[in-house]
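Remarks on the structure that follows.
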Amino acid sequence: MTASLWDAAGLHGLGAADLFGLFLHFLVISLLAVGGAISTAADMHRYVVVEHGWLTDTAFTSSIAIAQAAPGPNVLFVAVIGWNVAGVAGVLATMTGILLPSTLLTMAVSRWRAQRPEALWLRAFTLGLGPLTIGLLLSTGWVLAEPVATHPAAWALVIGTVVVMSRTRWSPLWLIAVGGVVGAVGWV
């Protein structure tokens with residue numbers, strides 16, 4: 001297939017090898033997504049923005065923001081990233097890569113665990129995933145906040161959100177609304 005046909009197909013200059021690499025990368029990080037696909041966003045950023053330059057910081061962050069604002073499953077941001085990298089083929093590569101191993105592994109482990117509900121090592125392993133998930137989510141938050149890290153209002157918003165979420169029972173939707181107003185007004 002010539003480069004012009006790849007571009008006509010919405011692949012933005014990606015060759016078959018790049019597309020396969022995108023699929024393989026998402027396949028591998030799927031196994032680390034113990035807190036959901038969003039917990040691996042930092043590594044997705046490293047791969048598509050830093051390593052390959054397929055997206056800018058802003059395009060990557062916007063991809064996540066758009067998908068999170070839309071109704072539907074949390075994993076939709078992976079499809080938006082795939083679309084922005086390589087159109088329909090990118091969506092197929094990223095979504096198949098992120099869903100295939102985690103789905104198969106979840107099915108197998110659920111079946112196995114149902115047969116051994118009292119396995120002590122399995123309960124310990126499950127409890128150990130909590131700190132891992134928190135670390136992955138913190139790294140994702142860091143990557144997503146990086147484009148506005150030089151703005152004092154952004155830091156005030158992050159610190160305020162952490163304080164409010166840790167000390168009250170307010171819905172996170174209120175804080176998202178505050179963040180949206182701060183961004184819309186142009187303070188960040």
* Dipole magnitude of the chain about its Cα centre, charges +1 at Lys/Arg Cβ and -1 at Asp/Glu Cβ only, in debye to the nearest 20? -> 780
* To do: Convert each backbone phi in region 173-186 into a coupling constant with the Karplus relation 6.51 cos²θ - 1.76 cosθ + 1.60 (shift: θ = phi - 60°), then list the ³J(HN,Hα) values in order as whole Hz, x for Gly and Pro.
  => 4, 5, 6, 5, 4, 4, x, x, 5, 4, x, 5, 6, x
* Name the residue, out of Ala153, Ala89, Ala33, whose mean-square fluctuation peaks in a Gaussian network model built on the chain with Cα pairs under 10 Å. => Ala153
* **Within the chain, helix-based [θ] at 222 nm, where runs of 4 or more DSSP H residues each add -39,500 (n - 2.57), nearest 500** => -24000 deg cm²/dmol
* To do: Give the residue from Leu14, Thr61, Val109 lying farthest towards the positive end of the charge dipole for region 3-129; charges sit on Cβ (+1 for Lys and Arg, -1 for Asp and Glu) and the dipole is referred to the Cα centre.
  => Val109
* Structure fact -> Of region 126-153, those with amide N under 17 Å from the point 7 Å along the Cα→Cβ vector of Trp170 are 153
* Of Ala41, Phe125, Ala156, farthest towards positive along the dipole that unit charges on Lys, Arg, Asp, Glu beta carbons give the chain -> Phe125
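Each reported figure results from applying straightforward, stated rules to the coordinates on display, with no laboratory input. Predicted, not measured: the structure shown is a model, and the values here were computed from it. Cβ coordinates were reconstructed from backbone atoms using ideal geometry, including for glycine residues, and neighbour counts include every protein chain displayed.
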